[in-house]
Amino acid sequence: MPPTEATVISEFLDYLKFQKRYSAHTVVSYQNDLISFFDFLSLQYGETPLADIKATYIRTWLAGLRQEGLESKSVARKISALRSFFKYQLKQERIQASPMSTISSPKLNKRLPRFVEKEDISTLLQQVEFPDTWDGLTQQLLIRLFYHTGIRQAELVGLKEGHIDVHHRSVKVLGKGNKERIIPVNSELVGELTAYMAEKRKQLPDFDPGYLFVNARGKKLYPAYVYRAVKAYLGLVTTIDKKSPHVLRHTFATHLMNNGADLNAVKELLGHSSLAATQVYTHNTIEKLKDIYQKAHPKA
């Protein structure tokens, strides 16, 4: 890739990181998408100035991705990356018009969020036995925290001890774009978190003081550790095909909605930037009502 393109991409990624405050994961995804596109461009059309990039070049790239079997969701993300990139170049007056203006994203099938039934969650939290080890204690508590707060995996991994407010019974969470939100928790969970912090000082004298959750070596948890733990324990109580920390987030939101929680309140608890992202949980609520109607109404 020519140095000029590398410089332009690097500048755009800095804009995403420091001005838009996108997550590291999103920035890396955009970087990979842009490098992939410009590699294709160089291979197929040679060195092409930004102002000379045509919509047909982009369509050819996207068509090739579809032929390779790339899912519509992934194609849509790549389109989003290019759209943001060229919009930025337009602002910088490097181009007069965006080649993305005639590119439309593929229609995505809306899938209802998968969630764990209330009875299965109760079984997991009240009846499943966790090992009497540091890992067992950590995994039990992180699963409880996921369900009680609906936080994302990255948010849980990044939690610090100072984010637990014992007096006000709440957890401070740094979400996407470093947006801060406060989530209330019950006194029982606060007691468990306090006990965990105290036990950490007894069992792990060399623990990393920067983070709430640590492994048996006292080091900050890594995402794969959290994912595997949640998947293993959900596998004991549910047969749903997807078992992950994000499913516990969906479960948190769905159970709130099914019990009559206000949509705007759920939006704030989840840290969504728009109500549209939260409204998907109303569909699960409607499905629940349909199920109740079918089972209970004589004329159903």
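The values are calculated or read from the model by the stated rules, or taken from the named source; none is laboratory data. This one's a predicted model, so the numbers in the text were calculated from it and none came from an experiment. Heads up, the Cβs are rebuilt from the backbone with ideal geometry, glycines too, and the neighbour counts pull from every protein chain shown.
Would you check if LYS200 is crowded, with 17+ Cβ neighbours inside 10 Å, of a type in the set (Lys, Arg) and on the phi < 0 side of the Ramachandran plot? Yes.
Can you find even one residue in the stretch 178-194 that is within 28 Å of LEU16 (Cα to Cα), surrounded by fewer than 13 Cβ atoms within 10 Å (Cβ to Cβ), touching a residue at least 60 places away in the same chain (Cβ under 8 Å) and out of contact with any Ser or Thr (no Cβ under 7 Å at 6 or more places or on another chain)? Looking for residues that are within 28 Å of LEU16 (Cα to Cα), surrounded by fewer than 13 Cβ atoms within 10 Å (Cβ to Cβ), touching a residue at least 60 places away in the same chain (Cβ under 8 Å) and out of contact with any Ser or Thr (no Cβ under 7 Å at 6 or more places or on another chain), one finds at least one in the stretch 178-194, hence yes. Restricting to the stretch 120-163, name every residue that is among the small types (Gly, Ala, Ser) and at negative phi. If the condition is that a residue be among the small types (Gly, Ala, Ser) and at negative phi, then SER122, GLY136, ALA154, GLY158, GLY162 are the ones that fit.
Out of all the residues in the stretch 118-136, which are of a type in the set (Val, Ile, Thr), under 9 Å from VAL237 (Cβ atoms) and over 24 Å from the mean Cα position of the chain (by Cα)?
THR123, VAL128
What's the total number of residues in the stretch 259-300 that are of a type in the set (A, V, I, L, M), free of Cβ contacts under 8 Å to residues at least 60 places away in the same chain, in a helix (DSSP H, G or I) and under 25 Å from GLU180 (Cα atoms)?
6
Among all positions in the stretch 128-142, there is at least one residue which is assigned by TED's automatic domain parsing to the domain that holds LEU189, of a type in the set (S, T, N, Q) and farther than 21 Å from ARG249 by Cα.
Inspection of the stretch 235-243 finds no residue satisfying the criterion of being over 15 Å from VAL116 (Cα atoms), in the same structural domain as THR194 (by TED's automatic domain parsing) and crowded, with 18+ Cβ neighbours inside 10 Å.
Cβ-Cβ contacts under 6 Å between residues 6 or more apart (or on different chains), taken from a first residue in the stretch 75-97 that is within 10 Å of PHE12 (Cβ to Cβ) to a second residue that is among the small types (Gly, Ala, Ser), are listed as PHE86/SER98. Look at (1) hydrophobic (A, V, I, L, M, F, W, C); (2) touching a Ser or Thr at 6+ places or on another chain (Cβ under 8 Å); (3) modelled with pLDDT of 95 or more and you find that ILE53 fails only one, number (2). Of LEU156, LEU112, LEU174, all but one fail to be outside the structural domain of GLU287 (by TED's automatic domain parsing) and within 19 Å of the chain's Cα centre (by Cα); the exception is LEU112. Kindly provide the set of residues from the stretch 141-172 that are buried (at least 22 other Cβ atoms within 10 Å of the Cβ), out of contact with any strand residue (DSSP E or B) (no Cβ under 7 Å at 6 or more places or on another chain) and under 18 Å from LYS267 (Cβ atoms), ordered by number. Passing the criteria: only GLY150.
Checked against the criteria, SER72 counts as touching a Pro at 6+ places or on another chain (Cβ under 6 Å), loosely packed, with under 14 Cβ neighbours inside 10 Å and of a type outside the set (Asp, Glu). Of all residues in the stretch 23-33, none are assigned by TED's automatic domain parsing to the domain that holds ILE95, acidic (Asp, Glu), in contact with a Pro (Cβ under 7 Å, 6 or more places away or on another chain) and under 24 Å from LYS91 (Cα atoms). When we screen LEU248, LEU234, LEU193 for residues that are modelled with pLDDT of 95 or more and in contact with a Lys or Arg (Cβ under 7 Å, 6 or more places away or on another chain), the only hit is LEU234.
Cβ-Cβ distances below 6 Å connect the following pairs, each with a first residue in the stretch 199-225 that is more than 15 Å from LEU156 (Cβ to Cβ) and in the same structural domain as LEU142 (by TED's automatic domain parsing), a second residue that is aromatic (Phe, Trp, Tyr) and in a loop (DSSP other than H, G, I, E, B), and a separation of six or more residues or different chains: LYS200/PHE207; GLY218/PHE207.
Within the stretch 103-121, the residues that satisfy the criterion of being surrounded by 12 or more Cβ atoms within 10 Å (Cβ to Cβ) and more than 17 Å from TYR281 (Cβ to Cβ) are ILE103, SER105, PRO106, ASP120.
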